[in-house]
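The values are calculated or read from the model by the stated rules, or taken from the named source; none is laboratory data. These numbers were taken from a predicted model, which means no experiment stands behind them. All Cβ positions, glycine included, derive from the backbone under ideal geometry; neighbour counts span all protein chains shown.
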Amino acid sequence: MPINRKNKKSENLGKALNVAISFAGLILLGFIYSFSQNQLHDGIEIEPTISNTYQQPVLAKDIYIQHQIEDIKVEVLNGCGVTALAARATEFLRDKKIDVISSDNADNHNYEKTLIIQRNEKFNSLKKVVEAFGVYLTDSSRVQIIPDESIGVDVTVILGKDYTSFAELNSFISANY
């Protein structure tokens with residue numbers, strides 16, 4: 001009788017292996033079918049197009065020649081607390097070809113009047129910034145000379161609560177924001 005048990009055991013093992021092989025075969029057939037469907041699609045073929053027009057790259061020196069920036073280093077500080085005012089005034093001055101190297105909040109937000117402060121001996125820098133804001137050089141309530149070479153700028157602009165009195169700045173802000 002031991003032979004009979006052994007035959008039954010190997011018969012059961014053979015059936016299990018046959019089922020496993022059949023299952024693996026079905027999965028393989030599924031993969032083959034899926035692959036063939038992906039290869040034989042009925043979609044629209046996309047033709048790659050390559051432009052024959054060669055466009056010369058734009059060099060930084062050419063951009064500089066077209067949009068020359070004055071050799072003026074300015075910092076713009078928000079002294080009235082209006083959100084993003086210093087950033088907007090920075091864009092305004094850059095549009096006027098003035099190099100703003102820093103924009104931030106002032107030491108407080110209680111400035112009633114906008115101040116334009118000359119920080120070094122470059123008088124032409126002060127003149128350009130004053131012209132951009134439409135202020136007279138003789139307006140001592142807005143234009144001040146407080147030398148401070150350690151700041152590293154030619155002019156400091158502190159925007160006060162009167163920033164709306166600058167027509168050109170306000171029209172720039174209205175048009176762009």
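Remarks
- Test result for Ile117, surrounded by 11 or more Cβ atoms within 10 Å (Cβ to Cβ), modelled with pLDDT of 95 or more and more than 29 Å from the chain's Cα centre (by Cα): yes
- Pairs, first of a type in the set (Lys, Arg) in the stretch 159-177, second in a loop (DSSP other than H, G, I, E, B), C-beta under 7 Å, six or more apart: Lys161/Cys80; Lys161/Tyr111; Lys161/Glu112
- Checking the stretch 98-113 against the condition returns no match, with no residue being touching a Phe, Trp or Tyr at 6+ places or on another chain (Cβ under 9 Å), assigned by TED's automatic domain parsing to the domain that holds Phe172 and at pLDDT 95 or above.
- Of all residues in the stretch 67-79, exactly one satisfies the criterion of being more than 17 Å from Gly152 (Cβ to Cβ), surrounded by 16 or more Cβ atoms within 10 Å (Cβ to Cβ) and either modelled with pLDDT under 95 or of a type in the set (S, T, N, Q) (or both), namely Asn78.
- Residues located in the stretch 125-158, provided they are surrounded by 16 or more Cβ atoms within 10 Å (Cβ to Cβ) and free of Cβ contacts under 8 Å to residues at least 60 places away in the same chain: Ser125, Leu126, Lys128, Val129, Val130, Ala132, Phe133, Val135, Arg142, Val143
- Residue within the stretch 39-53 that is under 30 Å from Thr156 (Cα atoms) and either modelled with pLDDT under 75 or among the hydrophobic types (A, V, I, L, M, F, W, C) (or both) present: no
- In the stretch 75-101, the qualifying residues are those that are out of contact with any Leu (no Cβ under 6 Å at 6 or more places or on another chain) and part of a strand (DSSP E or B), and the one that is farthest from Phe166 (Cα to Cα) is Ile101.
- Restricted to the stretch 54-66, and to residues there that are within 23 Å of the chain's Cα centre (by Cα) and β-branched (Val, Ile, Thr), the residue that is modelled with the highest pLDDT is Val58.
- Of all residues in the stretch 83-112, those that are on the phi < 0 side of the Ramachandran plot and in contact (Cβ under 8 Å) with a residue 60 or more places away in the chain have Cβ atoms under 7 Å from Cβ atoms of residues that are part of a loop (DSSP other than H, G, I, E, B) and exposed (fewer than 13 other Cβ atoms within 10 Å of the Cβ), 6 or more apart or on another chain, in Arg88/Tyr177.
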